[in-house]
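For reference, the structure discussed in these notes is given below.
Read-outs throughout are calculated quantities, based only on the coordinates presented, and are distinct from any laboratory measurement. Source: prediction; values computed, not measured. Using ideal geometry, Cβ is built from the backbone for each residue, glycine included, and neighbour counts are taken over all protein chains shown.
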Amino acid sequence: MFYDLLRRLSTECQNQDKGVYCLWYTVWPIIFLCSAKGLETFINNSKQLVKSFDYILLEPWLKTGLLTSKNEKWRSRRRIITPSFHDTQLLNNYMIIFNEQACILARRFDDCATQPNKTHDLYPYISACTLDIIVEAATGTNPKAQSGDEKNEFVEATVRITEILSLRSRSPWMWPPFIFDRLPIGREQKKVLKVLHGFSRKVIEERLTTFNAEQVTNGDDKKKSTRRLVFLDSLLTQMHAEKLSLDDIQEEVDTFMFEGHDTTAAALNFFCYLMGCYPDVQAKVHAEMDSIFGDDRERPCTMDDIQQMTYLDCVIKESMRILPPVPIIGREAQEDFVYCGQTIRKGTHLNIFIHGIHFDANIFPNPNKFDPERFAESSLISKERSPFAFIPFSAGSRNCIGMAERSKKHPACQYQTDKPWLDPQTHQNNGIKRPDELENEMKDPPLDEADNDILNHIHGSMIGMALGDIIGAHVEFRPREYLLQYPVTELKGGGTWGLKEGQVNCSEEGTAGNGALMRLAPVPLFFHRHPKYAVQYSGLSGLITHGDTKVYDACRYYGALIVAAVNKEPKEKLLHNNFYEEHEQWFAGKSLHPDIERIARGSYQKKEGYDKGIRGKGYIVDALEAALWAFWSDEGDFQNGVLAAVNLGDDTDTTAAIYGQLAGACYGYEKLRKDWVEQVYAKNFIECLSKWIAYEGKEWSSKQTVMPNIPYVTIQPPPEDDSASSLVQKKNLLERRASKSPTEQLNPQSNSFSKFEQLTGLNTNHRPRTNTVIDRPSNLKSGSEVQFVSTRPKSAEYHPSKQMMGQVFISNRFFSVIFVSKHLLT
Ligand code: HEM
């Protein structure tokens, strides 16, 4: 009844183009969001990730695991756990478990079929199967719920806890713990939880014993393990790395057993129900299975099979639209926001009414009709539908971690890679993920403790660059006079671009030419073990967008300083006017452009700074000088330097970002102001990227360089030995270029620009400098045939399409707030 009321209210709202209504639940107002329109801004906002108060009912069981945790704890857990869902070996092991348990379920269904005149409730069979799957996939132990022969304390406790939670969520008077704990049902919950916690603790401890024994015998190489690796093993590895404690692991294992069991059971149950209601659809699904498996009914299902189940994919989606296993989720607004024209205040309890959103007739015409074709890739409606109109797994960065897609990559990301950190790029709806979303999914590389020192400097440079950009963006293009009157003394939001604190502005590449320095750091940081390459590639990186010798040399010189700083050369050496001579080898004997050489000789060492001509302008020579002036005069303190760079005025963010790369590399991450660092947008993303730069840089060797075969930019490795003749040839070219007029030098269509192909080994299609996006060549189509293939081994192993589970094998599922929604409301 109550649930019908919610559905009716949603439909009324949608018909009036409103999308939001409020219900008073005794004394609490609860806002229901029921329109896909406007949901994106809320659900994608990284500040709006806190669950509503009712999730507290789950805490006696799940403590503060992934589902219920908040803020930094949630963020760090999500980062730690996500890789387990992309680990090929684990996924293959899960496939074995799915196949084994699915066979048992099929046999049990067969037994039912031998009694045709009896009515069978399929739910207990399905639920037992999903329980066996999730427990085995999570812990490696099978509770044998499907065998159903003997009394099983754990299985009974799992069934009972869901009943208790459901009942409590429907009975607000039982919510206060001091009442609930004194009721018979509260005491029963305690007993049931003792069984559940006892079970999870026991399996963790048993697994830990074997895990430790294997660590001792095999080192850390998990491939040598003779056991079937499961989710718990990846958590134990994190415990080994001191990122999780035993209690942390237990709350996550409990969360997964809860999350992964009941909602998957509900999804499969609803699916079977709908198949019974729509025999024509069932026949088509059957035909698709026959086309894949032929007569071989015994063969295990593979990931490749799942890729071919296109019709089944549509049917599952449509059944989750009509009967979403999680119909409502709850959040608490962390700041005011506007949704469908209504301002919703901070602190409001919100229910995202997934079921209501799925029935919006403006998006799903005739919504009560079960029509799998709505999800066919060829369907126009499917293509034009808002990504937030169908959200059975929620959306944004706090979506379901267990969600699996039949792989679909964004058309712009159709390459294969052996770099796991490049994999999680797109949403299920094909939208490209932002860094703050990606940061929860990236996996750290296997760095050793010995790498911490270098990492401190690499990370310092990357975050230093971001801090400079952030602090400077606030007042970008304000003149010096303005900054004299209103000097920047802190990291702030708003300002020129109306940014939030910690956000970076990604502007178009302008005509100024200092952008090449602003984005330089990753190049020399990557080549930190190979200074000569660091310098060469720093120069090349500038040329990608700026065809000017000064840019090339500014980047070479600054790249050399960064690489020297990362390798802990003292600041005095970096600022010494014979730095070039001291490191001449790094520059392969190629002299610097006179304007850059002047700076390398110390032109920036002017106490009076601005008054003596130091300018934070867009011209690369000015920018380089200004950044070095800030570094020279900062008295060893990043804060002094970055503020000095910003307060020069004009291109404040660029000057400060250039400064930040070098100062951060020199002083190290640990010397940066902690409260500032905390505010950096997608800080964890940058941190993880820094680790990969450190790791990949360590692994890189000039001998094994394989450059990506990208049709429109072909990069060739620099010659192993820079022979004198090639140097002379290049120098001549440089000089010839330098003698051209500035306009000609910068004109991408000019001959001089194209000659850089010979000079640098970099072939470009003369893309205009103002275009910062790498264009797709016109002859490239989007689709699976477009692949920028890395020739390194095992590249295919990381291709998500080869790894992802299809929804048909969503082995398990959770229940969550549905107590406060589905069960509460029905
Ligand atoms: C049909 C299957 C499933 C559906 C419909 C589903 C749906 C959802 C939804 C709607 C959420 C968001 C909950 C919220 O915001 O409160 C969620 C979160 C979550 N799901 Fe699933 N899920 C499914 C399967 C699974 C499986 C198999 C697992 C684990 C193996 C899993 C683990 C989780 C976890 C840990 C979260 C919390 C994520 C976080 O807050 O970061 N789910 N799921």
Which value in nm describes the separation of the simple spin-label points at Q16 and N99, placed 7 Å from the Cα toward the beta carbon?
5.6 nm
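Give the shape of segment 1-120 as rounded, prolate or oblate, defined through the alpha-carbon gyration tensor: a ≥ b ≥ c are the square roots of its eigenvalues, a/c under 1.5 means rounded, and otherwise the shape is prolate if a/b is larger than b/c and oblate if not.
oblate
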Where the centre of each part is set by its Cα atoms, how far does segment 246-286 sit from segment 60-118, in angstrom?
9 Å
Sites matching trypsin sites (Lys or Arg not before Pro) across segment 99-145 that sit in DSSP coil, with at most 10 neighbouring C-beta atoms within 10 Å:
K118
With a Förster radius of 30 Å, plug the Cβ-Cβ distance of T41 and S76 into 1/(1 + (r/R0)^6) and report the FRET value to the nearest 0.05.
0.75
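Return D444, D110, D254 ranked ascending by Cβ neighbour count within 10 Å, so the fewest neighbours appear first. Can you show the working numbers first?
Numbers: D444 18, D110 9, D254 23.
Fewest-to-most Cβ neighbours within 10 Å comes out as D110, D444, D254.
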How do H457, H583, H355 line up, fewest other C-beta atoms within 10 Å first?
H583, H355, H457
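State whether segment 300-389 is rounded, prolate or oblate according to the following rule on the C-alpha gyration tensor (a ≥ b ≥ c being the square roots of its eigenvalues): a/c under 1.5 gives rounded; otherwise a/b larger than b/c gives prolate, and the remaining case gives oblate. Don't jump to the answer; show the numbers that get you there.
Working: a/c = 2.56, a/b = 1.89, b/c = 1.36.
The shape class here is prolate.
Summarise the long-distance tail of P(r) for segment 535-650 by giving the % of C-alpha pairs beyond 21 Å. Present the calculation step by step, with values, prior to reporting the outcome.
Values: 2308 of 6670 pairs.
Distances greater than 21 Å cover 35 percent of the Cα pairs.
Using a ≥ b ≥ c from the Cα gyration tensor of segment 79-262 (square roots of the eigenvalues), is it rounded, prolate or oblate, where a/c under 1.5 gives rounded and otherwise the larger of a/b and b/c decides, a/b for prolate? The partial results should precede the final answer.
Values: a/c = 2.32, a/b = 1.19, b/c = 1.95.
Since a/c reaches 1.5 but b/c is at least a/b, the shape of segment 79-262 is classed as oblate.
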Extended-chain gain in nm, criterion 0.36 nm per residue less alpha-carbon gap, W24 and T119:
30.1 nm
Which residues does a label at K202 reach in segment 105-144, if reach means a backbone N under 19 Å from a point 7 Å past the Cα toward the Cβ?
131-144
Under the 0.36 nm per residue contour assumption, what length would be gained going from the current alpha-carbon distance of K671 and N577 to full extension?
31.2 nm
What Rg and what Dmax come out for segment 256-356 when only alpha-carbon atoms are used, in angstroms?
19.2, 60
State the extension gain, in nm to one decimal, for the chain segment bounded by Q308 and F178, taking 0.36 nm per residue of separation less the distance between their alpha-carbons.
41.4 nm
Given a Förster distance of 51 Å, report the FRET efficiency between S291 and L484 from their Cβ-Cβ distance, rounded to the nearest 0.05.
0.10
Counted neighbours (other Cβ, 10 Å), sorted fewest up, put E156, E437 in the order E156, E437
